[in-house]
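The structure appears right after this line, and notes come after that.
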Amino acid sequence: MSEDRPPHRDFRVLTRQRGGYDGAWMVDVQLQVTATGALVWAQTFSDTAQADAFQQELEEDLSSLDGASFRRKYGVPTST
């Protein structure tokens, strides 16, 4: 994966909703490697609005940032 290559070619964003404590719902926003489906990281939210806002920002950054900037902002190692 090249630093010059747009990150949307190498990564995808998925969300998972799961049950939490006392009937609450948790939302996991996940960054995955497109080619393998390997999980890079996941961020968990108990507030659906916060999860939606984070997912939207992440997806916009996948399209607009260069590879190096995206990796720096989201802590994605170059070995991924």
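Find how much the distance from D22 to A35 grows on full extension, using 0.36 nm per residue of separation minus their present alpha carbon separation; answer in nm with one decimal. Working shown, then result.
Working: separation 13, 0.36 × 13 = 4.68 nm, distance 3.69 nm.
Taking D22 through A35 to full extension adds about 1.0 nm, to one decimal.
The label-point distance for R9 and R72, in a model that sets each label 7 Å from Cα toward Cβ, rounds to 2.1 nm.
Given a Förster distance of 25 angstrom, what is the FRET efficiency for Q50 paired with T80, based on the Cβ-Cβ distance and rounded to 0.05?
Values: r = 25 Å, r/R0 = 0.99.
Efficiency, rounded to the nearest 0.05: 0.50.
Computed over the chain, the per-residue total of -39500 (n - 2.57) for DSSP H runs of n ≥ 4 gives a 222 nm mean residue ellipticity of -10000 deg cm²/dmol, rounded to 500.
Accessible area per residue of the chain at 1.4 Å probe, in Å²? Show your work: numbers first, answer last.
Details: 5000 Å² over 80 residues.
Value for the chain: 63 Å² per residue.
For the stretch 38-80, a/c is not less than 1.5, where a ≥ b ≥ c are the root eigenvalues of the C-alpha gyration tensor, and a/b does not top b/c. That puts it in the oblate class.
For Rg and Dmax of the Cα atoms in Å, the value calculated from this model appears in (i) 13.4, 46; (ii) 11.9, 38; (iii) 12.7, 46 under label (i). Of the solvent-accessible surface of the chain, computed with a 1.4 Å probe and all protein chains present, 47% belongs to carbon and sulfur.
The charge dipole of the chain, taken about the Cα centre with unit charges on the Cβ atoms of Lys, Arg (+1) and Asp, Glu (-1), comes to about 280 debye, rounded to the nearest 20. Under a GNM of the chain (C-alpha, springs under 10 Å), which listed residue has the highest mean-square fluctuation: T48, T36, T15? Most flexible of the set in this elastic network: T36.
The values are calculated or read from the model by the stated rules, or taken from the named source; none is laboratory data. Small disclaimer: the values here were computed from a predicted structure and weren't measured. FYI the Cβ positions are ideal-geometry reconstructions off the backbone, even for glycines, and counts take in every protein chain you see. What goes into the accessible areas is simple: the full protein's heavy atoms, side chains included, and nothing from ligands, DNA or RNA. Shrake-Rupley method; radii C 1.70, N 1.55, O 1.52, S 1.80 Å.
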